[in-house]
1. Regarding SER153, is this residue assigned by TED's automatic domain parsing to the domain that holds VAL39, hydroxyl-bearing (Ser, Thr, Tyr) and within 16 Å of the chain's Cα centre (by Cα)?
2. Kindly check whether there is at least one residue in the stretch 23-36 that is part of a strand (DSSP E or B) and either without any contact (Cβ under 8 Å) to a residue 24 or more places away in the chain or not polar (S, T, N, Q) (or both).
3. Can you pull out the residues in the stretch 36-49 that are among the small types (Gly, Ala, Ser), touching a helix residue (DSSP H, G or I) at 6+ places or on another chain (Cβ under 7 Å) and surrounded by fewer than 17 Cβ atoms within 10 Å (Cβ to Cβ)?
4. Out of ASP237, ASP194, report the one residue that is in a helix (DSSP H, G or I), closer than 23 Å to ASP11 by Cβ and among the acidic types (Asp, Glu).
5. Going residue by residue through the stretch 173-187, is there one that turns out to be loosely packed, with under 14 Cβ neighbours inside 10 Å and either touching a Pro at 6+ places or on another chain (Cβ under 9 Å) or outside the structural domain of TYR128 (by TED's automatic domain parsing) (or both)?
6. Answer yes if at least one residue in the stretch 129-142 is buried (at least 23 other Cβ atoms within 10 Å of the Cβ), modelled with pLDDT of 95 or more and charged (D, E, K, R), and no otherwise.
7. Quick check on this structure: which one of ALA230, ALA199 is in a helix (DSSP H, G or I) and over 17 Å from the mean Cα position of the chain (by Cα)?
Amino acid sequence: MADTVLYEVSDGLATIVLNRPEAMNALNIATKVALRDAVQAAAADEAVRAVLLTAAGERAFCVGQDLKEHIGLLAADRESGTGQTMSTVREHYNPVARALTEMRKPVVAGVNGVAAGAGFGFALAADYRIVADTAAFNTSFAGVALTADSGISWTLPRVIGPGRAADLLLFPRSITAQEAYDLGIANRVVPSADLRGEAEKVARALAEGPTVAYGAIKEAMAYGLSHSLAETLEKEDELQTRAGRSEDHAIAVQAFVNKEKPKYLGR
C-alpha cells in the first residue's frame, strides 16, 4: 500500500485510513490505487469480519478527485487525444464502490470532516456511517460539470429517496452533519474529538458479531430494493437457510438457552 492509505487488521477488524490530510484526503492516482487494493484485500480476507473506513486529520474525510492532478491529466489527454483521464471511474472508483457495498461483512465509515464527490460516494457505500459534528457532505459533481460516480447514483436515492437525491445532485450544496442525520445519511453524529473512538467501538462490535448473518442482511436489503415481494421472500428463504446452518447461529441459540452472551466465530 502507498503511505497515502494505511491498512491494518487486528482482531477481525480491518481499518483503512485515507492519509493525505494536507490535501484534505483528495484522491490522486496513487491514493485511488492504494484504496482500491486495501478495500479488495479486506473483502477477500476471511480473517476480516468488519471494516472501518476513515481518514486522517480533522478537516476532511475525502474531498473526492484531486483536481490539481486532474487538470494536468486533462491537459495530457488533449495533447495525446487519448481521453484516458476518466478511465479512473472504471479502474478505481467502481471497484472500490463494489467492494465496499458487496463484501459479505459490515463496513463502518467514520466521517471525520468534509465528504465530497467520490468521498461522499464511498461513505454512502458503507453500511453504517458515524459522522463528526463538524463534518459536511456535498455531491460536488455538477459543480464541475460532471455526472455522478463512485456508486452515488445508486446509493444516494436508496438512502434519502430519489427526489432528495436529485436535489443534491442537480444543485450541489454543503449539508451539515445534523442535516445529514435528519436525511438518514448519518446513522450517528458525535463530537469531532470522539469520532475515531466511537467509530472503532461500533466497528469492533460488528467484528465480534455473527458475520454470516451480517453478510446475509446486506445481500437481502440490496436485493429487496430492486425485486418484487415474491422474489424477495424467496431470497430471504435462501439467505435464512444459509444463516441457519452457520456455526454462529448454533452458538447464539445455545447461549440464549444458557442465558450467556454468545461468543461468535464469524462462520
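1. So SER153 fits the description; yes.
2. Residues of the stretch 23-36 that are part of a strand (DSSP E or B), as a first pass: 27.
Remaining after also requiring either without any contact (Cβ under 8 Å) to a residue 24 or more places away in the chain or not polar (S, T, N, Q) (or both): 27.
Yes, because at least one residue in the stretch 23-36 is part of a strand (DSSP E or B) and either without any contact (Cβ under 8 Å) to a residue 24 or more places away in the chain or not polar (S, T, N, Q) (or both).
3. Going through the stretch 36-49, the residues among the small types (Gly, Ala, Ser) turn out to be 38, 41-44, 47.
Subset that is touching a helix residue (DSSP H, G or I) at 6+ places or on another chain (Cβ under 7 Å): 43.
The answer is none; no residue qualifies.
4. On the way: ASP237 fails: closer than 23 Å to ASP11 by Cβ.
After applying the criteria, what remains is ASP194.
5. Checked the stretch 173-187: no residue is loosely packed, with under 14 Cβ neighbours inside 10 Å and either touching a Pro at 6+ places or on another chain (Cβ under 9 Å) or outside the structural domain of TYR128 (by TED's automatic domain parsing) (or both).
6. Looking for residues that are buried (at least 23 other Cβ atoms within 10 Å of the Cβ), modelled with pLDDT of 95 or more and charged (D, E, K, R), one finds at least one in the stretch 129-142, hence yes.
7. The conditions single out ALA230.
Residues are listed down the side, and each one gets a yes or a no for (1) farther than 21 Å from GLY266 by Cα; (2) out of contact with any helix residue (DSSP H, G or I) (no Cβ under 8 Å at 6 or more places or on another chain); (3) buried (at least 18 other Cβ atoms within 10 Å of the Cβ):
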{"site": "SER10", "(1), (2), (3)": "no, yes, no"}
{"site": "ILE16", "(1), (2), (3)": "no, no, yes"}
{"site": "ALA26", "(1), (2), (3)": "yes, no, yes"}
{"site": "ALA34", "(1), (2), (3)": "yes, yes, yes"}
{"site": "VAL51", "(1), (2), (3)": "no, no, yes"}
{"site": "HIS70", "(1), (2), (3)": "yes, no, yes"}
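The values are calculated or read from the model by the stated rules, or taken from the named source; none is laboratory data. Fair warning: this is a prediction, and the values are worked out from it, not measured in the lab. No Cβ is skipped: glycine too gets one built from the backbone with ideal geometry, and neighbour counts run over all protein chains shown.
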